[in-house]
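Asks: Mind looking over this structure? Questions follow.
Please treat every number below as a calculation from the coordinates, not as lab data. It should be emphasised that the depicted structure is a prediction, and the values quoted were computed from it without experimental measurement. Note that each Cβ is placed from the backbone with ideal geometry, even for glycine, and that neighbours are counted across all protein chains shown.
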Amino acid sequence: MVAPRLILVLGDQLTPGLSALREADKDRDVVVMAEVRDEATYVRHHVKKIAFTFSAMRHFAEELRADGWQVVYGRYDESCTAASIPAELARRAQETGAEAALMTECGEHRLNAALAEGPLPVEVLPDDRFIASHAEFDAWAEGRKQLRMEYFYREMRRKTGILMDGDKPEGGKWNYDAENRKPAGRDLLTPKPCAEDPDAITRDVLDLVAGAFPDHPGTLGPFTLAVDRKGAEAAADRFFAEALPRFGDYQDAMLEGEPFLWHSLLSTYLNAGLLDPLDLCRRAEAEYRAGRAPLNAVEGYIRQILGWREYVRGIYFREGPDYVTRNALEATRDLPRFYWDAGSTDMACLKAAIGQTLEHGYAHHIQRLMITGTFALLAGVDPRQLHEWYLAVYTDAYEWVEAPNTLGMSQFADGGLLASKPYAASGNYIDRMSDYCAGCAYDVKTKRGEGACPFNPLYWDFLVRNRERLAGNPRMAQMYRTWDRMNEQTQAQTRESAAGLLDRLDRGARL
Ligand code: FAD
Ligand code: DLZ
Ligand code: SF4
């Protein structure tokens with residue numbers, strides 16, 4: 001009798017058409033899935049993220065069994081389940097007599113390396129759930145001085161034919177971002193997200209997570225995420241019917257008490273493998289072709305997936321494991337305590353963005369980039385600590401997508417590989433795009449001194465601290481000229497204000 005092979009399926013590989021499953025022999029091979037301590041704790045994941053992952057894994061194991069697969073599943077609460085994925089594979093090999101394993105490449109260098117060093121030989125297949133292969137991305141990147149997303153995105157449009165009119169972009173322009181920066185008004189009726197009642201499998205998982213991860217951040221209940229393909233499809237249907245038409249207009253907007261606005265809320269399902277990126281892009285295009293959604297919304301949405309999502313993955317695999325150690329601005333401050341406890345800051349924007357993050361495991365892009373990200377950038381927070389925070393608190397976070405967004409786009413820690421300039425901004429930007437400032441303990445119009453919005457002096461202080469590194473960047477030149485035109489007293493008071501704020505952060509005082 002031929003020994004079975006083990007087919008490893010990870011918590012973000014919940015796709016029936018996964019390359020490893022396509023290559024496997026249903027009659028001979030054994031699918032291995034496991035809830036393991038190392039994956040659940042290598043950063044302190046939000047409890048909703050762990051619950052989502054375990055429940056979605058259990059549902060997927062059922063789906064595979066119903067489809068005729070033999071699945072061995074290690075539950076977290078079974079003492080025989082090993083603590084790591086390589087150790088679990090070794091245990092299952094001993095149990096089944098398997099001498100080799102097959103898997104689809106996983107989304108983090110850390111785990112790929114651990115599996116390569118594990119006791120069982122593992123054959124790794126490409127993850128073709130993405131639109132660009134590593135080879136395609138590398139061929140595009142080769143020889144370019146700057147890797148700008150926009151040009152890569154155009155390649156992806158040409159490759160897929162999505163939103164193309166022959167060899168021209170639909171509507172004559174590749175990018176309609178300039179139309180996608182409207183602040184939202186309170187009178188607008190924002191769509192409601194899908195909310196699923198937990199089934200018996202999810203209820204079991206919620207009990208398990210509540211007991212097993214007492215020191216992990218976040219609120220576990222109410223738990224309303226979908227945990228299987230059907231639920232994820234329903235969430236996609238809701239997005240296309242209710243939110244896509246205004247997705248573009250209000251993509252950058254932020255409103256107090258409205259955590260979701262017109263965003264799709266699909267990244268968690270997409271990244272876990274419950275939805276397919278190309279399918280979502282084609283569905284969005286169909287909404288435009290049917291006249292149900294405008295071009296600025298549809299192009300904006302497609303650009304996030306076909307462009308940004310594929311592009312950051314390309315960067316992550318091209319740059320390799322040391323990407324997460326980069327710190328081009330040599331920032332060393334500890335992550336402020338209030339990132340783990342929104343109630344302990346008086347800054348309304350941070351309180352809102354962190355509060356909803358801890359409650360839902362979700363914040364939309366501009367909240368991640370321009371609130372939690374920009375504050376950390378201005379304050380000179382150690383990018384590694386911030387990276388681990390983003391990786392832990394969002395239900396959609398895996399290193400391949402999170403690290404380039406955090407270290408590259410948000411913190412400029414890769415020295416400008418990904419972003420052409422740092423996303424540094426004063427309170428003005430937040431005031432323009434949100435209603436947070438109206439309810440804040442600080443005054444966004446006050447530039448320095450008592451009661452001034454902390455973003456204001458910290459913004460100038462950031463520029464001055466990093467002058468040697470940034471002044472040569474043509475996109476920053478205007479800002480340095482503005483600083484240089486300020487009189488000495490204004491400059492001194494601004495820096496004094498910033499020093500006071502940074503000192504408060506270092507002392508753990510309330511800000
Ligand atoms: P929508 O606003 O509806 O956007 C549509 C889709 O586009 C998303 O579902 C997502 O799949 C994709 N997308 C949008 N922007 C990006 C982007 N910059 N990179 C990759 N995909 C994108 N996204 C993650 O999926 N996981 C992460 O861990 C993650 N970490 C981030 C960290 C920082 C510091 C920043 C600035 C952004 C991060 N993003 C991450 C990107 C983005 O914030 C999320 O994809 C988005 O907020 C998910 O919510 P949504 O599904 O409602 O997205
Ligand atoms: C995120 C996560 C968590 C919390 N737990 C598990 C787990 O117990 N078992 C598993 O197979 N996968 C888990 N995951 C997802 C993995 O961390 C993910 O597959 C890798 O980080 C690669 O992207
Ligand atoms: Fe944030 Fe400053 Fe506005 Fe307060 S005043 S909400 S700290 S930008």
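Asks: Please get the size of the charge dipole for the range 333-440, origin at its Cα centre, with Cβ charges of +1 on Lys and Arg and -1 on Asp and Glu, quoted in debye to the nearest 20. Intermediate results must be reported in sequence, preceding the final value.
Replies: Values: 7 positive and 12 negative charges, 55 e Å.
Result for the range 333-440 is approximately 260 debye, rounded to the nearest 20.
Asks: I'd like the GluC sites (Glu not before Pro) in the range 54-136 restricted to DSSP loop residues with at most 10 other Cβ atoms within 10 Å, sorted by number. Write down the numbers at each step before the final one.
Replies: Values: sites: E62, E63, E78, E88, E95, E99, E105, E108, E117, E123, E136; in loops: E78, E99, E105, E108.
Here the sparse-neighbourhood loop sites are E78.
Asks: OK, next. So which aspartates and glutamates pass the test for K26, namely a Cα distance under 16 Å, with those fewer than 8 places away in the same chain ruled out?
Replies: Filter leaves E62, E63, D67.
Asks: Turning to a different aspect of this structure: Evaluate the relative contact order of the chain (contact order divided by residue number), counting alpha-carbon pairs under 8 angstrom at least 6 apart; express in whole percent. Don't skip to the end; give the middle numbers.
Replies: Details: 809 pairs, mean separation 79.0, N = 511.
Computed value for the chain: 15 percent relative contact order.
Asks: Using a ≥ b ≥ c from the Cα gyration tensor of the range 79-126 (square roots of the eigenvalues), is it rounded, prolate or oblate, where a/c under 1.5 gives rounded and otherwise the larger of a/b and b/c decides, a/b for prolate?
Replies: Values: a/c = 2.25, a/b = 1.37, b/c = 1.64.
Oblate, since a/c reaches 1.5 and b/c is not below a/b.
Asks: Still on this model: Quick query: amide H of G248 versus all other amide H atoms, modeled in the peptide plane; which residues come in under 5 Å with a sequence gap of 5 or more or a different chain?
Replies: The list, which skips near neighbours in sequence, is A297.
Asks: Using only alpha carbon pairs under 8 Å that are at least six residues apart, calculate the relative contact order of the range 327-393 and give it in whole percent. Intermediate results must be reported in sequence, preceding the final value.
Replies: Details: 57 pairs, mean separation 28.7, N = 67.
Over the range 327-393, the number comes to 43 percent.
Asks: Given axes a ≥ b ≥ c from the Cα gyration tensor, I'd like to know whether the range 182-224 is rounded (a/c under 1.5), prolate (a/b larger than b/c) or oblate.
Replies: Values: a/c = 5.79, a/b = 2.07, b/c = 2.79.
Judged from the Cα gyration tensor, the range 182-224 comes out oblate (a/c at least 1.5, b/c at or above a/b).
Asks: Next question, about the same structure. Of all DSSP beta bridges in the chain, what percent run antiparallel (nearest 5)? Let's see the in-between values first.
Replies: Numbers: 3 of 21 bridges.
Of the beta bridges lying entirely in the chain, close to 15 percent run antiparallel.
Asks: How large is ³J(HN,Hα), in whole Hz, for each residue of the range 163-177 in order, when computed from phi with the Karplus curve 6.51 cos²θ - 1.76 cosθ + 1.60 and θ = phi - 60°, using x for Gly and Pro?
Replies: 6, 10, 10, x, 9, 10, x, 4, x, x, 10, 6, 9, 10, 4
Asks: Follow-up. Quick one: 3J(HN,Hα) in Hz for the range 68-85, Karplus 6.51/-1.76/1.60 with θ = phi - 60°, rounded, Gly and Pro as x.
Replies: x, 7, 8, 10, 9, 10, x, 8, 4, 8, 9, 5, 6, 5, 6, 8, 9, 5
Asks: Rounded, prolate or oblate for the chain? Axes are the square roots of the Cα gyration tensor eigenvalues, ordered a ≥ b ≥ c, and the cut-off for rounded is a/c under 1.5.
Replies: On the way: a/c = 1.69, a/b = 1.51, b/c = 1.12.
Because a/c hits 1.5 or more and a/b exceeds b/c, the chain counts as prolate.
Asks: To the nearest 10 degrees, how steep is helix 310-319 against the longest Cα principal axis of the chain, on a 0 to 90 scale?
Replies: 90
Asks: Also, quick follow-up: Excluding same-chain residues fewer than 8 positions from K445, which aspartates and glutamates have a Cα within less than 15 Å of its Cα?
Replies: Here the aspartates and glutamates satisfying the reach criterion relative to K445 are D431, D435.
Asks: Can you compute the helix-only [θ] at 222 nm over the chain? Use -39500 (n - 2.57) per DSSP H run of at least 4 residues, normalise by all residues, nearest 500 deg cm²/dmol.
Replies: Details: 23 runs with 221 residues, N = 511.
Helix-only estimate at 222 nm: -12500 deg cm²/dmol.
Asks: Still on this structure, I have one more. Using θ = phi - 60° and the Karplus relation 6.51 cos²θ - 1.76 cosθ + 1.60, list the HN-Hα couplings for the range 199-214 in order, rounded to whole Hz, with x at every Gly or Pro.
Replies: 3J(HN,Hα) across the range 199-214, in whole Hz: 8, 4, 4, 5, 4, 4, 5, 4, 4, 4, 5, 4, x, 8, 10, x.
Asks: If you scale each eigenvalue of the Cα gyration tensor by 5 and take the root, what three semi-axes come out for the range 313-460, rounded to whole angstrom and sorted largest first?
Replies: Working: eigenvalues 131, 57, 33 Å².
Ellipsoid semi-axes (Å, largest first): 26, 17, 13.
Asks: Looking at H46, A24, V36, which one has the Cα that reaches farthest to the positive end of the dipole of the range 1-115 (charges on Cβ: Lys, Arg +1; Asp, Glu -1)?
Replies: Toward the positive end, the furthest listed residue is H46.
Asks: Roughly how big is the range 351-413's charge dipole about its Cα centre, with Cβ charges of +1 (Lys, Arg) and -1 (Asp, Glu), in debye to the nearest 20?
Replies: Values: 3 positive and 6 negative charges, 41 e Å.
In debye, rounded to 20, the range 351-413 gives about 200.
Asks: Do any of K49/K159; K48/K351; K48/K192 go past 22 Å between their Cα atoms, and which? Can you show the working numbers first?
Replies: On the way: K49/K159 34 Å; K48/K351 19 Å; K48/K192 19 Å.
Table pairs above 22 Å Cα-Cα are K49/K159.
Asks: Taking loop as defined by DSSP and a crowding limit of 14 other beta carbons within 10 Å, which trypsin sites (Lys or Arg not before Pro) in the range 272-355 fit? The partial results should precede the final answer.
Replies: Numbers: sites: R282, R283, R289, R292, R303, R309, R313, R318, R326, R333, R337, K351; in loops: R292, R326.
Here the sparse-neighbourhood loop sites are R292.
Asks: Now a separate question. Quick one: net charge of A363's neighbours, Cβ under 15 Å, K/R +1, D/E -1? Show your work: numbers first, answer last.
Replies: Details: positive: K48, K49, K351, R368; negative: D252, E256, E258, E359, D396, E402.
Combined, the nearby Lys, Arg, Asp and Glu give -2.
Asks: Arrange the following residues from fewest to most other Cβ atoms within 10 Å of their Cβ: C106, C194. Please report the intermediate quantities before stating the final value.
Replies: Details: C106 22, C194 18.
By the 10 Å Cβ count, ascending, the order reads C194, C106.
Asks: Considering the dipole of the chain built from charges on the beta carbon (Lys and Arg +1, Asp and Glu -1) around the Cα centre, which of N428, T224, P119 is farthest to its positive end?
Replies: Sorting the options by dipole projection puts first N428.
Asks: Run the dipole for the range 124-180 about the Cα centre, Lys and Arg Cβ at +1, Asp and Glu Cβ at -1, nothing else charged, and hand back the magnitude in debye, nearest 20. Numbers along the way, then the final one.
Replies: Numbers: 10 positive and 12 negative charges, 34 e Å.
Computed about the Cα centre, the dipole is about 160 debye.
Asks: Under 18 Å Cα to Cα from K145, which lysines show up? Leave out anything in the same chain fewer than 8 places away.
Replies: Straight-distance partners of K145: K421.
Asks: As I understand it, the dipole of the range 320-415 uses +1 on the Cβ of Lys and Arg and -1 on the Cβ of Asp and Glu, about the Cα centre. Which of T325, Y362, L378 lies farthest toward its positive end?
Replies: Of the options given, the answer is L378.
Asks: Loop only per DSSP, at most 12 neighbouring Cβ atoms within 10 Å: give me the GluC sites (Glu not before Pro) in the range 409-511, ordered by residue number. Intermediate values should be presented prior to the final figure.
Replies: Working: sites: E450, E468, E488, E496; in loops: E450.
For GluC sites (Glu not before Pro) across the range 409-511 that sit outside H, G, I, E and B with at most 12 neighbouring Cβ atoms in 10 Å, the list reads E450.
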